[in-house]
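What follows is calculated from the coordinates using simple rules that are stated; it is not laboratory data. Predicted, not measured: the structure shown is a model, and the values here were computed from it. Note: ideal-geometry Cβ built from the backbone for every residue, glycine included; neighbour counts use all protein chains shown.
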Amino acid sequence: MSTGQTGPNTVIEDGDVYMTTLTDPPRESFRLSMLIYDTRYRSITIQVIALLAFLAMCVWLITNTLTNLESRDLELGLAFFSEPAGYDINQRLIEYDSQDTHLRAAFVGILNTLLVAFLGCITATVLGVVIGVLRLSKNWLVARLMTVYVEMFRNVPVLLWIVFALAIISETLPQPRDFRGEDAIASMNLFDSIAITARGFYIPEALFTRSLGDIHLFGDSSMRFDISLDLLAFLAVLFAGLFTSKLIKKRADAIQEATGARPTTWWQRILVVAGPVLILLFALGFYLGMPELKGFNFSGGTFMRNSLIALWLALSLYTAAFIAENVRAGILAVSKGQSEAAAALGLSSGRTMSLVVLPQALRIIIPPLISQYLNITKNSSLAIAVGYMDLTGTLMGITQNQTGKALETVLLGMMIYLMVSLSISAAMNWYNESVKLKER
Amino acid sequence: MSDKISFVRTEMLEQKAPPASTTGFVGWARANLFNGIGNSVLTLLSIYCVYYVLSGLIPWLVSPTWKAESLTQCREMIAAAGKHGHLACWGVVRERFIQLLFGFYPPEGYWRVILALVIVGAGLAPVLFDKAPRKLLIVTALFPFIVPFLLWGGLIWPYVGVLLGFVVGYFVLKYAADALGDLLALIAGVVSAFVWWIFLSGPIMGAIGSVLPIGLEFVESRSFGGLMLALTIGLTAILGSLPLGIVLALGRQSDLLIVKALCVGFIEFIRGVPLITLLFVASTLLNIFLPPSMEFDIIVRVIIMVTLFSAAYMAEVVRGGLAALPKGQYEAADALGLDYWKAQRLIIMPQALKISIPGIVSTFIGVFKDTTLVSVIGLLDPLGLSNAIRADQAWNGIVWELYGLIGVLFFVFCFSMSRYSMYLERKLQTGHK
Amino acid sequence: MKKSVLFGAMTVATLAGGVVSAGTLDDVKARGKLNCGVNTGLAGFSAPDANGVWVGFDVDVCRAVAAATLGDPMAVEFVPLSTKTRFTALAAGEVDMLSRVTTWTFSRDVDLKFEFVGVNYYDGQGFLVPTALGVTSAKELDGATVCIQTGTTTELNLADYFRTNGITYEPVPIETNAEAQALYLSGSCDVYTTDASALAAQRATFETPGDHVVLPEIVSKEPLGPLVRHGDHQWGDVVRWSYNAMVAAEELGVTSENVADLATGTDNPEVNRLLGSEGSLGEMLGLEADWAAKVIASVGNYGEAFDRNIGAGSEIGIARGLNALWTDGGLQYSPPFR
């Protein structure tokens, strides 16, 4: 009860207080039955019982586990992590060979999981938004096609799409050997820089003649990790450029606000972003390493295995169908008056969409989008179906098989997935808070 | 009266046909497909896509190989028919279709599976459709006992025993309520049901069974396979997860700190890990966690884990339903003097669940699709079975036919369910506005 | 109300799932069924036919044990297991024995606590390549893309082989054989490597087998055999000698056709001991006197089973090679029945 109020309320409150003091029962001593019947204590009783039951269950599970392990003569321990893994991994972001430890293999797996999840989230979002918007298109054929797409992908299991994608890639695309010879069946795309083969895509890689070298993190341990200084420099310059460009835009906005005339800034903005980047690339001696057909395979360039492509493709297409539905629902939820108002202001339909409808729809779209991102991350564990070596393939796959440490590997793998999921949802929730309509 | 010359037309002019360019197909196409350059490009692009897909697909589908006994025969038949290129080999579908549906279930028991499916349908009808006769609710109450009996078989008495446990619990609850009060009666009901299940049901039902051996032939769950396995796992998990999900959702909404923490922890843990890891737990760890006397076979272990998995998602769906309920409903229930459980049972849950049904259906679609993951741990669901079929020498090398067929099977089920969910959403919307 | 679905299922499950006790043989007899872990699908070794009946060389070992213990080769529950789940399933007592092209290695025997009771197939890891590549030796495979069936010893052997020969390769790990084969045929890998027996099995089913060749290098020893858990020696003996009975029968010329005649008694005392008309070998194992006769009557001797599933009598047509009897220059050799 607030005390600082004046007026008639106070009177009533005073009366209240008076009444309650009159009917206040005499202090009674605590009886055992009050634990059940008295609402003051009942909640504590229930909580204590729940906690005890939970603890009892934990103890029960742990004792069972220990007895079972003993009866099977198995020992718990993570010592296997420091033993050589003995197997090779094809698609990897960091250097690794079969003599590295199981821990390193698990690390490679985690990075692979993150890689495909990251790529999948980006393409699924782009595809999903495009399809969601097109599904609302006035073009009858396009709208119908998009509906067919959404229904087709939503109603068939993602695992089936993943194996299907791999089958399509490996059955329909040309082999590296088709590129060989004078009258080759297949040829490379984009000025001989990209080779699309059944084994995967070979794309040019960025190389530098005057490279700045790498930072070696964590010395020689299993978690050693190299960060390219060239990349860091590139990113730093790029972000600095983007930041300056944003400042220019802000200034232009301010001038427009004040005078009504907007200064032409596009060339300035392009210059501050592209100029320093180009200078940096020139200074570092940038050139593209092209893939070349050598022996059985292409060499040089960056190689994206068909397993990665299949998984990426299937996850993006599958999740895009869901995101498209979220986007559609979000757009439909924006009141019709908004787009009519935009039309009245003379905005074209494209600008209505990008300036008026989508920004508002975004607030409705983002929460389900978060769970779609989580789904991509979790579904990436289906990589084992196509032989992409993610966390399930390394730690919970071959490592578990070779060492027989099922308990340790599976539990550890689950913990890692849990941490990844929680970080993603934390980051996205933070973003969601920041774009949320600020209500008073 | 002289003749007046009328300057105003008194009879209506014949209506003219609209310009040819705005009627019929042409007009429709102009309005919907070719209004503007961008749209025209999109339309042409779409037409090309459709043509490209169909021109590849249709010749492949039309393949004279229905009677083939092996892939080699397929190839011979295609060559004999004078066709070239890759064509479908439908012999595998003819030979293995039944297996893809029923797995290794004994053929003389197929009627049991079909009957079970019909009973599930009848049991769910009154929940899903308003127009279904209310009498079907009896089926709803009984099908959780009839369906396992039909699927697994064995003597009928253990199932009756399980059913009677609920009856015992219910009567204790009903008659003890006056004497003991709600909470104690609930506890007494649950305890008496468990006493019945653990100590009394076994011997009593065993005794009846030895006198009256009524039952069906026992079928091991290992014989389950194909689409039937996917349906068994999916349906059991979703029905089992509903009560669990409601409890978790209430726990998450509750003011009790520890209860809330436990529920949130459980939900977030399950939702944070991929289903496949839970299946690994089912296949490799669950029998390390449980005492040796509690051995379940792999399918039941998988069902348990999938149930826990979907319970976490179900809890979130129900929580959504609870949150969507106007606060007035809670306050009205309080104003009527209902206690927490009565308020939940009589006011809150019936409304919240009704709002949640579309969410529940889409959770079910998700779980049903996710049952394909069990092929990774070696269970022979349709996808797992397709690998086993391809290991048969006769069909070694078949790819598209089986994937396509499985895709179509899943599509038929999931699509009809999603249509149902949409119908429901429309119905609910008009009900509220 | 719906809680009961789970409950019903659990009741049934507790009925179905047996309790692991000390004597596996007694369990099997009490249950009336043998639980046998097999591959989810490997041509010639184990695969379900259109009626759901499992057939294959590994499957026959299970059937032999069922015939010996229960007198009925069909009294087997086949539990299809993936490479990931096979050892845990055996360790947990879900299956009584594992007959799933499993390589006998030191660590599996000692560290994972399993008992390999014999070697029903001597294998080695080989390489399958298209003849169009013009490769004649595995040493020429520098830079090649290699499809491997994952979760086996194969990937370790492969890593070791390429490492010791100082050549590089691109591994493509694949869960199932069927998948790996599809990838190989579509050209996603230059080479397919797994046990040479499986390579031959798969090559036989190709559209044009002549376009593919198994390279002469065999880079590993792969003794594949049935296994049981450590600690139950009686059960280990039953499985071991059921298998040995098949080999001994071939050595002694006992076949599924003549076993009924020979079982009534012959001049050869070892045949008599094997088939139970003399001595008490069955009793020592805790089985019927005619246990071995039932084994041979149901699945035939080793040679017959080999021939029917993977040998000349099948589409696969693997030569006996190392798996010929020792008298024919192979390694198959049964300790004497006495």
Report summary line: So for R0 = 45 Å, FRET eff. of B:Ile208-B:Gln351 from the Cβ-Cβ r, to 0.05, ends up at 0.60
**Report entry** Neighbouring partner chain Cβ atoms per residue of A:409-421, average, 10 Å criterion
**Finding:** 4
Requested in this report: Please check which bits of segment A:29-60 a label hung off B:Asp334 would reach, taking the label as a point 7 Å along Cα-to-C-beta and the cut-off as backbone N under 19 Å.
Outcome: A:38-44
Requested in this report: Please provide three numbers in whole Å: the alpha-carbon extents of chain B along the principal axes, with the largest listed first.
Outcome: 103, 84, 44
Requested in this report: Calculate I(q)/I(0) for segment A:70-192 by the Debye formula, one identical point scatterer on each C-alpha and no solvent, and give its log10 at q = 0.10, 0.14, 0.19, 0.21 Å⁻¹ to two decimals.
Outcome: -0.65, -1.00, -1.15, -1.18
**Report entry** Part-to-part distance (alpha-carbon centres) for segment A:284-324 and segment A:331-382, which is given in Å
**Finding:** 30 Å
Report summary line: A chain fully extended from C:Leu133 to C:Asp267 at 0.36 nm per residue, minus the present Cα-Cα distance, gains in nm 42.5 nm
Query raised in the report: Packing-wise, with mean Cβ within 10 Å as the measure, how do A:378-385, B:275-282 rank, highest first?
Result: A:378-385, B:275-282
Requested in this report: Compute log10 of I(q)/I(0) for segment C:183-279 with the Debye formula, placing one identical point scatterer on every Cα and leaving out solvent, at q = 0.20 Å⁻¹, to two decimals.
Outcome: -0.97
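What is the sum of charges, Lys and Arg at +1 and Asp and Glu at -1, for the other residues whose Cβ falls under 14 Å from the Cβ of C:Ala289? Don't jump to the answer; show the numbers that get you there.
Working: positive: C:Arg273, C:Lys294; negative: C:Glu278, C:Glu283, C:Glu288, C:Asp290.
Within the 14 Å Cβ shell, the charges total -2.
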Query raised in the report: For segment C:125-220, what is Rg from Cα atoms divided by 2.2 N^0.38 Å, rounded to two decimals?
Result: 0.95
Report task. Using R₀ = 51 Å, calculate the FRET efficiency as 1/(1 + (r/R₀)^6) where r is the Cβ-Cβ separation of B:Leu325 and C:Glu283; round to 0.05. Result -> 0.10
Query raised in the report: Can you give me the pair-distance distribution of chain A, C-alpha pairs, 20 Å bins, whole percents?
Result: 16, 41, 29, 12, 2, 0
Query - Kyte-Doolittle mean at least 1.0 and Cα axial length at least 20 Å: DSSP H helices in chain A - result: A:102-135, A:158-172, A:266-284, A:306-333, A:406-435
Report task. Calculate the mean, over all residues of peptide C:41-48, of how many other protein chain Cβ atoms lie within 10 angstrom of the residue's Cβ. Result -> 6
Report summary line: Per the 1/(1 + (r/R0)^6) rule, R0 = 30 Å and r from the Cβ atoms of A:Thr265 and A:Phe239, FRET efficiency to 0.05 is 0.95
Report summary line: Rounded to the nearest whole number, the per residue volume of the convex hull around the C-alpha atoms of the protein assembly as shown in Å³ is 316 Å³
Report summary line: Treating only Lys and Arg (+1) and Asp and Glu (-1) as charged, each at its beta carbon, one finds that segment C:212-325 has a dipole about its Cα centre, in Debye to the nearest 20, of 360 debye
Query raised in the report: So what's the net charge close to C:Gly321: Lys and Arg +1, Asp and Glu -1, counting the other residues with Cβ under 12 Å from its Cβ?
Result: -1
Query raised in the report: Considering the alpha-carbon set of segment B:132-191 alone, what are its Rg and its Dmax in angstrom?
Result: 14.7, 41
Query raised in the report: Can you give the helix-only mean residue ellipticity at 222 nm for chain B, where every DSSP H stretch with n ≥ 4 adds -39500 (n - 2.57) and the sum goes over all residues, rounded to the nearest 500 deg cm²/dmol?
Result: -22500 deg cm²/dmol
Query raised in the report: Per residue of B:264-276, what is the mean number of Cβ atoms on other protein chains within 10 angstrom of that residue's Cβ?
Result: 6
Report task. If a cysteine in chain B has no other Cys Cβ under 4.7 Å from its own Cβ, put it on the list, ordered by number. Result -> B:Cys49, B:Cys263, B:Cys414
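Return the Rg/Rh value of segment A:28-68, two decimal places, where both radii are evaluated on C-alpha atoms and Rh is the Kirkwood radius.
Rg divided by Rh gives 1.29.
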Query raised in the report: Can you tell which of A:Leu407, A:Asn429, A:Tyr388 lies farthest toward the positive end of the dipole of segment A:351-440, using +1 and -1 charges on the Cβ of basic and acidic side chains (Lys, Arg; Asp, Glu)?
Result: A:Asn429
Query raised in the report: Fully extended, how many nm does the chain gain between B:Trp66 and B:Lys16 (0.36 nm per residue separation, minus their Cα-Cα distance)?
Result: 12.3 nm
Report summary line: Listed by chain and number, the aspartates and glutamates with an alpha carbon less than 13 angstrom from that of A:Lys378, same-chain partners under 8 positions apart left out, are A:Asp390, B:Asp370
Query raised in the report: What area, in nm² and to one decimal, does the C-alpha convex hull of segment B:1-52 cast on average over all directions?
Result: 5.7 nm²
Requested in this report: Under 15 Å from a label point 7 Å along Cα→Cβ of C:Leu331: give me every residue in segment C:187-208 with its amide N that close.
Outcome: C:195-198
Report task. Would you work out the charge dipole size for the protein assembly as shown about its Cα centre, treating the Cβ of every Lys and Arg as +1 and the Cβ of every Asp and Glu as -1, and quote it to the nearest 20 debye? Result -> 5680 debye
Query raised in the report: To the nearest Å, what is the center-to-center distance of segment A:225-268 and segment B:100-163, using C-alpha atoms only?
Result: 66 Å
**Report entry** Label-point gap, in nm, between B:Val408 and B:Tyr175 - each point 7 angstrom along Cα→Cβ
**Finding:** 5.9 nm
Requested in this report: Quick one: compute a quarter of the convex hull surface over the Cα atoms of chain C and quote it in nm².
Outcome: 19.8 nm²
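Please pull out the direction-averaged projected area of segment A:375-433, using the convex hull of its alpha-carbon atoms, in nm² to one decimal place.
4.2 nm²
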Query - Sorted largest first, extent of segment B:120-253 alpha carbons per principal axis (Å) - result: 49, 42, 32
Query raised in the report: Based on Cβ point charges of +1 for Lys and Arg and -1 for Asp and Glu, what charge dipole magnitude is obtained for segment C:81-128 about its Cα centre, in debye rounded to the nearest 20?
Result: 160 debye
**Report entry** Percentage, to the nearest whole number, of Cα pairs in segment A:272-346 over 19 Å apart
**Finding:** 71 percent
Query - B:Thr23 versus A:Ile94: modelled label distance in nm, points set 7 Å from Cα along the beta carbon direction - result: 7.4 nm
